[in-house]
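Input: a single structure, listed below in structure tokens.
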Amino acid sequence: MKNINRIVPLFLIIFLLMGCSQEKKLPSPLILSMNMLDDHTGLLLVEHGQIEKEKIIRGFSDWGKFRAVLRTTDGGNHWSDITPKAIADRPFYYSDRYIATDFLDSNHGWIAASSYGKTIVDIFSTTDGGKTWSQTTVDPKYAYPSSNLYSLSFIDPLHGWLSVSPDSGLSTPSGDLYVTEDGGFHWSRLSLPSGGRVTFLSRSYGILNINNKVYETNNSGQSWQLVDSSANVFKLRKNLLLKNTNEIARFNGSNLEYKTINMPQNAKGVLDFVDETNGYLVCMSGKGDVLFKTNDGGLNWNESNLTGFKVNQIRFISPQVGYAVGENKLFKTNNGGKTWINIKIGGIGFSLPPFGLDSETTDTGV
């Protein structure tokens, strides 16, 4: 949804892969984002390891960490490393914006990767679920040492957009938009009014979100218009977005239609909508994390039950089947969140932003 988009937010431990002849254990990873595509197939963007010697920038705890993409085809019981070999051992230094991913389905996926000290961006594409990857590059040739990757957004196997800006340390540097019409083999360059998270909902219509400002395009990114100066927009599902914490936006084919939702009083937590009607909200309380449900599009919420664990992200496939991450564990429910089953996949920790925060600072990428 990470805007997943926020397509949605890759370093892996090479887990104990079931059925493989070799086992390789790496330090416990931090999962940056989760994207369950259906009840069987899903992806994790994870971070593992750390270079302890020759730290050039002191004080950054994420210096020299590696990232990877994990894929499951059996609902999370087993995970395989599908990271392209060309970036499997590359350190992505302290910036969270040196990686961006987007997967349309179980077969079609893309990974964009940059690194500190180089403006070149490597872009990988797969049509077989990560078994094989094709590679190309773009080079913005910024005066600054590196390229920030805000988002990677595909609407079908051919048409995609990559949002890039110079790693200048500024909050809103100028940005560039790279566009592909052949699945990522070739890219053309357009300019952006500001570096930020880009989400396209059709070949012509897209939004750019940065620092509470929302821009809109109706010509495939050729030009942009400022439409809101006090909003954050997050993609929840195809053609379904969340504006701030009080409106659901639906794409009608040419623009966004907004519908007001009512959150429980003092609600702070993580949110997910299966569709325009069914939504789930986990709120933190003195008793623990509480699950709320809505079946009328967010107008009314009913408290369901305590989850039994601290929740960092939820992702529901249907009103009954959902996944949650938290406390270094992955959980699954088959009854709408009444009970949760711990899917044991090793020592994994999750760190994802709660709803309502600016995901530019902690992007949800897969």
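The values are calculated or read from the model by the stated rules, or taken from the named source; none is laboratory data. If you're wondering where the values come from, they're calculated on a predicted model, not measured in any experiment. Positions of Cβ are generated from backbone atoms using ideal geometry, with glycine treated the same way; all protein chains shown enter the neighbour counts.
Things worth noting here:
- Counting only residues that are assigned to a loop (DSSP other than H, G, I, E, B) and basic (Lys, Arg), the range 287-320 holds 2 of them.
- Pairs are defined by a Cβ separation below 9 Å, a sequence spacing of at least 6 or placement on different chains, a first member in the range 265-283 that is among the basic types (Lys, Arg), and a second member that is in a strand (DSSP E or B); the pairs so defined are 268/283; 268/284.
- Test: residue in the range 260-271 that is over 19 Å from the mean Cα position of the chain (by Cα), on the phi > 0 side of the Ramachandran plot, modelled with pLDDT under 90 and not small (Gly, Ala, Ser): yes
- Test: residue in the range 236-246 that is more than 19 Å from the chain's Cα centre (by Cα) and either modelled with pLDDT of 85 or more or not in a strand (DSSP E or B) (or both): yes
- Leading residue by the ranking (surrounded by the fewest Cβ atoms within 10 Å (Cβ to Cβ)) among those in the range 83-118 that are out of contact with any Leu (no Cβ under 7 Å at 6 or more places or on another chain) and at pLDDT 85 or above: 107
- Looking at 219, 209, just one residue is under 17 Å from the mean Cα position of the chain (by Cα) and either surrounded by 22 or more Cβ atoms within 10 Å (Cβ to Cβ) or not in a strand (DSSP E or B) (or both), and that residue is 209.
- Filtering the range 277-287 to residues that are surrounded by 14 or more Cβ atoms within 10 Å (Cβ to Cβ) and modelled with pLDDT under 85 leaves only 284.
- Within the range 114-154, being of a type in the set (Gly, Ala, Ser), assigned to a strand (DSSP E or B) and within 17 Å of residue 43 (Cα to Cα) holds for 125, 151, 153.
- Residues located in the range 325-334, provided they are within 18 Å of residue 281 (Cβ to Cβ), out of contact with any Lys or Arg (no Cβ under 6 Å at 6 or more places or on another chain) and either of a type outside the set (A, V, I, L, M) or at pLDDT 90 or above (or both): 331, 333
- Count of the range 241-262 residues, restricted to those that are within 22 Å of residue 325 (Cα to Cα) and either surrounded by fewer than 15 Cβ atoms within 10 Å (Cβ to Cβ) or of a type in the set (A, V, I, L, M) (or both), is 2.
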